[in-house]
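Worksheet: the structure to be examined is printed underneath.
No lab work stands behind these numbers, since they all come straight from the coordinates. Bear in mind the structure is a predicted one, so any value in this text is a computation, not a measurement. Ideal geometry is used to build each Cβ from the backbone, glycine not excepted, and the neighbour counts take in all protein chains shown.
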């Protein structure tokens, strides 16, 4: 690696919290960034800052020199928000410009509103080293908001965006030279261990990990388990996460007398969720949109058979159905798919082993090696 000091600027929409001289953010994001920060001398963060207390799903940056530059959060989802955004945009633009000017490695987190402005501002710094992590769905054929499409257009245009490597989930045809297929990771080589799953005769355990919002479709997960239960299957679903759908899901569980089958655990820390994967047979994620669904990769790491929608790079992760179930989003058809496995434990064991073998390739050790290579290209 070059002996020059790396001044690393992160431009992100992730909400942060300051607590006892530490800056916290959503744990999967900050844990990932901490791997980058092992090779960074000085850190500049441009992001929104909220006045809350950190929760169990938050984690802090592990770095000794942090220059945090607060910007207002904004969105353009209504006329009122658009009006207020007009006043916020110059402030955000100027803070991002100054941070990029001070840095010698610019790192954008996309897609997001702050990331969109970052995509525009980085054009003024064509000679600086840059990386972008596009954590959403890069599939060129997918339906997405125009702001996402604009970010993808700018990032993949090698005239507008120079000296940048754009990390995307999945391999897609006809991409520009700066687009690099990538991945993310949660567990290390040291964490690999054999996990013995309980016999199906005891209980068939399903787990859902994610925000309880309409985009993640937790209701569909619940209805799948309900149908399996009604068909006499000895199933249980443990749900980890909070969100706007929580009350609706609680009401549904109560109304349909599923209190002994479906359990809502709320947000929990990484260790509790890891133990939930280890005891589960299946990991469920009927999401409408994803980038690299961490819940699926994490569940597979512990031998859970993945059950997920055909979005983004999910078909690739599941080897197009050879190491998991790709949901049709038709309850009757998807229940039939699941029945084939829950009625034949041998099929489950084969899929479980295939899922584990694939996911355990993508450890934090491998991730760190790839990140180090990106930062060496200076």
Rounded, prolate or oblate (a/c below 1.5 giving rounded, otherwise prolate when a/b exceeds b/c) for the stretch 318-368 by Cα gyration tensor: oblate
Modelled FRET efficiency - R0 56 Å, residue 340 with residue 94, Cβ distances, 0.05 increments: 0.45
Fully extended contour minus Cα-Cα distance, from residue 64 to residue 331, at 0.36 nm per residue: 91.0 nm
Percent of C-alpha pairs per 10 Å bin, the stretch 247-316, short to long: 18, 40, 37, 5
Estimated FRET transfer efficiency (residue 233, residue 213; beta-carbon r; R0 35 Å; 0.05): 0.80
Likely footprinting exposure, 229, 288, 133, fewest C-beta neighbours within 10 Å first: 288, 229, 133
GNM flexibility winner over the chain from 356, 201, 310 (Cα, springs under 10 Å): 201
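Tell me whether the chain comes out rounded, prolate or oblate; compute the Cα gyration tensor, take square roots of the eigenvalues as a ≥ b ≥ c, and use a/c under 1.5 as the rounded threshold. Write down the numbers at each step before the final one.
Values: a/c = 1.89, a/b = 1.68, b/c = 1.13.
Because a/c hits 1.5 or more and a/b exceeds b/c, the chain counts as prolate.
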Packing-based ranking, highest mean first, of 233-246, 170-183 given that Cβ atoms within 10 Å are counted: 233-246, 170-183
Values of log10 I(q)/I(0), in the order q = 0.19 Å⁻¹, for the stretch 281-353 under a Debye, Cα-only, solvent-free model: -0.69
Computed over the stretch 1-70: relative contact order in percent, which uses C-alpha pairs under 8 Å that are six or more apart: 41 percent
Rounded tilt (10° steps) of 345-359 against the dominant C-alpha axis of the chain: 10 degrees
Fewest-first ranking of 359, 78, 55, using other Cβ atoms within 10 Å as the exposure measure: 78, 55, 359
Virtual spin-label span in nm between residue 158 and residue 322, 7 Å along Cα→Cβ: 3.2 nm
Antiparallel bridges, percent of DSSP beta bridges restricted to the chain (to nearest 5): 10 percent
Rounded to 10°, Cα long-axis angle of helix 218-230 versus longest principal axis of the chain: 10 degrees
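Determine the shape class of the stretch 190-359: with a ≥ b ≥ c the square roots of the Cα gyration tensor eigenvalues, call it rounded for a/c under 1.5, and otherwise prolate if a/b is greater than b/c, oblate otherwise.
The shape class here is rounded.
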Length added when fully stretched, residue 87-residue 53, from 0.36 nm per residue minus Cα-Cα: 9.4 nm
Folded to 0 to 90 degrees: helix 364-376 orientation relative to the chain principal axis, Cα: 20 degrees
Dimensions (Å) - the stretch 218-274, Cα atoms, principal axes, largest first: 33, 23, 17
Sequence of 353, 298 once ranked by neighbouring C-beta atoms within 10 Å, starting from the fewest: 353, 298
Contact order normalised by residue count of the chain, Cα under 8 Å, 6+ apart, percent: 14 percent
Relative contact order of the stretch 190-359, pairs being alpha-carbon contacts under 8 Å that are 6 or more residues apart, as %: 23 percent
Binned Cα-Cα distances of the stretch 107-230, short to long, each 5 Å bin given as a whole percent: 2, 9, 15, 15, 13, 11, 10, 9, 7, 5, 2, 1, 0
